[in-house]
Amino acid sequence: MDLDTFHNKIVFGWIKHDLERMRTEIPALDGAVGNINFPLALCVLAYIEYLGGFLLGEEGSFTNNATEYIDKCFTHKNEYPIDILRDIFRNGLAHEYFARGAISRNNLRPVVYKQSGIGAILDVETLVMDFLDSLDKFKVQLTEEKYQKRMSKALDEIERFKTKHKTLIDSLREGQIYRSPNTRTTTLSSGASGYPGPIKNTTTLDPSIK
């Protein structure tokens, strides 16, 4: 995958459009459940860590990657204390489901603020918008050299794990397409996605099946 494809397909394709759909198609409703505060925050923090590694040209820690990304790409960089993002929000969400503070979707600034009795609060609505706004700067900041260096290591790591678990992978069953009794041809609405791209599944069934 070359650099232009990475930008067009991964960054401005999957990452940007996933976040836009999550944010707009599941709007925050006051007092409602299902406002996706937690998954939305975890996704953005994971994307920041991931893309920051490309700016560094290596697989670094959350602290190093996020610091690099926020410093080079965010406009309101002073609103993002890395230690709190890491220990309170990223690690809390990833390892304990709950943030070790709270997540809001109120479109507030500063992005990370405090409230008596709760502690640190991350406003994910503002985080998403700041991140989406940062993608144009990321495109300018990412060099061909750093991209190739990081992508090469990422692909090597993928192959290492595929080789390590080859026996288990080979033993997995093939995926099955479920259909209504009168359906002869089925195209899955969403195939699997991964390196190097999406996989479309189209199966023509036995025409004798009624």
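Neighbours of GLU145 by Cβ distance under 14 Å: Lys/Arg scored +1, Asp/Glu scored -1, total +1.
Lys and Arg at +1, Asp and Glu at -1: add these up for the other residues within a Cβ distance under 15 Å of ALA102 and post the number. Walk me through the intermediate numbers first.
Working: positive: ARG90, ARG100, ARG105, LYS114; negative: ASP87, GLU96, ASP123, GLU125.
With Lys, Arg at +1 and Asp, Glu at -1, the neighbours total 0.
Not counting ligands, DNA or RNA, and with a 1.4 Å probe, what is THR163's accessible surface area in Å² rounded to the nearest 10? It works out to around 100 Å².
Sorted largest first by accessible area at a 1.4 angstrom probe radius, with every protein chain in place, the residues GLU96, GLU125, GLU20 fall in the order GLU96, GLU20, GLU125. To put it simply, the accessible area of the stretch 11-62 at a 1.4 Å probe is 56 percent carbon and sulfur. Distance distribution note for the stretch 14-59: the fraction of Cα pairs above 17 angstrom is 42%. The slack between ASP30 and ILE10, meaning 0.36 nm per residue of separation minus the straight C-alpha distance, is 3.9 nm. For the stretch 114-134 and the stretch 75-112, what is the separation of their C-alpha centers, rounded to whole Å? If we compute the Cα centre of each part, the gap is 6 Å.
Given a Förster radius of 25 Å and the C-beta distance between LYS164 and GLU58 as r, what FRET efficiency does 1/(1 + (r/R0)^6) yield to the nearest 0.05?
Numbers: r = 21 Å, r/R0 = 0.85.
Efficiency at R0 = 25 Å is approximately 0.70.
Ranked by accessible surface with a 1.4 Å probe, highest first, in what order do ASP2, ASP123 come? Could the numbers behind the result be given before it?
On the way: ASP2 80, ASP123 0 Å².
Most to least solvent-accessible, the answer reads ASP2, ASP123.
The values are calculated or read from the model by the stated rules, or taken from the named source; none is laboratory data. Here the structure is a predicted model, which means the values were calculated and not measured. Here the Cβ is made from the backbone with ideal geometry for all residues, glycine too, and neighbour counts use every protein chain on show. With ligands, DNA and RNA removed, areas are computed over all heavy atoms of the protein, side chains included. Shrake-Rupley method; radii C 1.70, N 1.55, O 1.52, S 1.80 Å.
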